[in-house]
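Data block below; observations after.
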Amino acid sequence: MDRRGVMKKSDDNSRRQFLQSMTAAGLGIATSGTMIGTAQAATSVQPESWDEETDVIVLGYGAAGAAAAITAHDDGAQVLLLEKQAADAHTCNSKLCFGVFLTPDNKDDAIAYMKVASRVNVDMPESQDIDDAMITVWAEEMGRNNAWLSELGAPGFVLFAAQGRDANWPGNNAIKAYQIAGSDGRGEVGTGMFDFLHEKVVGRGIDIRWSTPARSLVSKDGEVVGVVARKDGRDVYIRARRAVVLSTGGFNADEKALKTYLPAFPMTFYGNPGNTGDGLRMAQALGADLWHMTVLGGGFKSKFDDFPTAFVLSFGSDAHIVVDKSGRRFKAENHLGGYSGYWNALVYDTVANTWPRIPSWLIFDERRRTAGPLTSTMFGAAGPAAMYEWSADNSREIERGWILQADSIEELAGKMGMEADVLTAEVERYNGFAADRHDADHGRMAQQLIALDRPPYYAMQLLPGLNNTFGGPRRNARAQILDVFGDPIPRLYSAGELGSLYVQYPQGGANVGECFAFGRIAGRNAAAEQA
């Protein structure tokens, strides 16, 4: 330390031990699934003996964990993969997604694009929050995604998006997104994509421990040397001779963290209900810096108290509108997708100190009710992951109370707690736009202007919804987790949405593409550590 008592930058071990002692004391790591009780803090106390040891331990089995495990194995490391969920109840976000992954096709253009996408304020170059080294590595490694999958045996790819999200950003045309081609020539959704990765993990003989949540990291002299896991009701101490990779997903199922870090409440997620922020807290306990905790991506979802995750919506082009808490439309329904255009619609009321569009309501009639499920059955909880089977005509969901039903708009307004004359006037105004084929208020597409005139009428609550959280421990271009001074925590790596690098979401599939890319980077560098 200097004479002021400030730790010098050169005193890495002392600083790291100081951080650990300050952050670990009394810290509990919340877990879910089969685990009972409060998890341990990260600890520097060594066990009298290790129950077992391996070269690289990967915590969390989604696309990022699979990529890290495959890469570390192929680079000569013995790998152990720990997953908190049971094999027959495994619902990682990779399975619940649409199976899309981003692969830029030009490095220089991808760098130019990402320099804008990495700004907190896209109009201010000085607000770039990712250093150039990280952006360059992102462009290089993301650009290898298709080649890597082909080397693993992927039969081909289906183009999902030919450019990025904003044509005004330089390099937009380089931002391509794909799916793995299925046997029918169509793109594989998340379940098919993950099955492909799982086959490659199993085929390599990589040891997967299901129903084995990590409780804490073990460190010695500032270095991560192992993991305390829970298996069959007891703690198991596992030594990592080379490194540990955190790929435990985000904190979408930790309501305390959502209230702390996200800018609005409530928000909901269609992602894995097992993502309770375990890796976030394990990294924090070792003094990890955090970044991108407030980054948002997604659109409206529906979440119900008696089901563990939200549903991805499928409004269709049949008769429907979306209204705020007062019963008024606020944006063209076909523009209520993700990214900033969606979030900007959720304007905070500084007079009433509330969010007038949380919740919002989907209003529809019998025509829409019988047209098909209100949720996507292609992916998400009601998709191939088979967490829930949504009824074809939405009748089961009406019976469950997820969808309100009424014989008139006035009656429906009463069930939602709205003023009947406000909602009735809004529906009548919208029906006039439908008759004229012109939405004078919000510019909704003419072909989607279909009158709400076939009772009964229905309503389903909508919440601002994310696909996943982005925030977590800050990582560098080598996928090392950094402490609050910007130094790597030795032998600790991360990949995936746990500390995603994104500030502005570039395009659909960017998360999965990052899982592949930084999973490989983490696996490669973890395997290269000296045992």
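Details
- Taking the numbered list (1) crowded, with 24+ Cβ neighbours inside 10 Å; (2) touching a helix residue (DSSP H, G or I) at 6+ places or on another chain (Cβ under 8 Å); (3) of a type outside the set (A, V, I, L, M); (4) within 29 Å of residue 353 (Cα to Cα) in turn, residue 272 passes all entries but (4).
- Cβ pairs under 7 Å, 6+ apart, first in the stretch 292-307 and within 30 Å of residue 131 (Cα to Cα), second outside any loop (DSSP other than H, G, I, E, B) and hydrophobic (A, V, I, L, M, F, W, C): 296/343; 296/466; 297/466; 298/466
- The numbered conditions (1) surrounded by 15 or more Cβ atoms within 10 Å (Cβ to Cβ); (2) among the aliphatic types (A, V, I, L, M); (3) out of contact with any strand residue (DSSP E or B) (no Cβ under 6 Å at 6 or more places or on another chain) are all true for residue 89 except (1).
Results for (1) out of contact with any His (no Cβ under 9 Å at 6 or more places or on another chain); (2) of a type in the set (Asp, Glu); (3) at positive phi, shown as yes or no for each residue.
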position	(1), (2), (3)
365	no, yes, no
370	yes, no, no
377	yes, no, no
381	yes, no, no
396	yes, no, no
400	yes, no, no
403	yes, no, no
410	yes, yes, no
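- Some residue of the stretch 103-114 being of a type in the set (Phe, Trp, Tyr) and within 23 Å of residue 523 (Cα to Cα): no
- Restricted to the stretch 440-452, and to residues there that are surrounded by 14 or more Cβ atoms within 10 Å (Cβ to Cβ) and farther than 22 Å from residue 356 by Cα, the residue that is nearest to the chain's Cα centre (by Cα) is 448.
- Strands (runs of 3 or more DSSP E) contained in the stretch 166-228 and holding at least 1 residues over 21 Å from the mean Cα position of the chain (by Cα) and modelled with pLDDT of 95 or more: 207-209, 214-220
- Candidate set: the stretch 202-224, residues that are among the aliphatic types (A, V, I, L, M) and buried (at least 23 other Cβ atoms within 10 Å of the Cβ); chosen: the one farthest from residue 156 (Cα to Cα): 218
- For the stretch 328-344, the count of residues that are closer than 15 Å to residue 463 by Cβ, touching a residue at least 24 places away in the same chain (Cβ under 8 Å) and charged (D, E, K, R) is zero.
- Complete set of residues in the stretch 109-134 that are in a helix (DSSP H, G or I) and exposed (fewer than 13 other Cβ atoms within 10 Å of the Cβ): 125, 126, 127, 133
- Scanning the stretch 321-351 for residues that are part of a loop (DSSP other than H, G, I, E, B), of a type outside the set (Ser, Thr, Tyr) and at pLDDT 90 or above returns 324, 325, 327, 328, 330, 331, 332, 351.
- Yes/no for residue 267 being in contact with a helix residue (DSSP H, G or I) (Cβ under 8 Å, 6 or more places away or on another chain) and surrounded by 22 or more Cβ atoms within 10 Å (Cβ to Cβ): yes
The values are calculated or read from the model by the stated rules, or taken from the named source; none is laboratory data. Keep in mind it's a predicted model, so treat the numbers as computed, not measured. Positions of Cβ are generated from backbone atoms using ideal geometry, with glycine treated the same way; all protein chains shown enter the neighbour counts.
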